[in-house]
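Down below is the structure, laid out as structure tokens.
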Amino acid sequence: MLVEIDEIGELKEKILESVVKENYPPHQKLLSEKKLAATFNSTQNRIHRALQRLIESGYLYSKPKGGTFIAERNGVNVNTAEFSLPKPENESA
């Protein structure tokens with residue numbers, strides 16, 4: 001289970017790095033979970049969990065049956081803002 005949690009954390013970072021590298025604007029729709037799984041050589045379940053954590057962190061948002069989108073954070077474009085990913089829950093400070 002710990003290995004899977006680490007993989008989810010790595011996927012979160014890779015997805016966020018991809019968003020920044022590609023300079024996606026706020027409200028840009030991401031690829032489907034199936035296409036992201038192929039892109040990152042992972043499973044759809046792990047991609048889904050990584051996206052959920054990015055949604056919980058405010059980097060993304062989803063629309064029912066509409067997809068996952070880049071969020072604006074306090075009116076600031078994620079691509080131009082300074083940010084750091086939160087530490088996984090299992091890491092101590």
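Could you check the spin-label model distance between ASN45 and SER57? Points 7 Å from the Cα along Cα→Cβ, value in nm.
2.2
Please list, in chain and number order, the residues 5+ apart from GLN28 or on another chain whose amide H is under 5 Å from its amide H, with Hs placed from the backbone.
Distant-sequence amide H within range of GLN28: ILE70.
Across the Cα atoms of region 1-55, what radius of gyration and what greatest pairwise Cα-Cα distance (Dmax) are found, in Å?
Radius of gyration, then largest Cα-Cα span, for region 1-55: 10.9, 34 Å.
Using R₀ = 30 Å, calculate the FRET efficiency as 1/(1 + (r/R₀)^6) where r is the Cβ-Cβ separation of VAL20 and LYS65; round to 0.05.
0.65
None of the figures in this text is laboratory data; all of them are computed from the coordinates on show. Please read all numbers here as calculations on a predicted model, not as lab measurements. We place every Cβ from the backbone using ideal geometry, glycine too, and count neighbours over all the protein chains shown.
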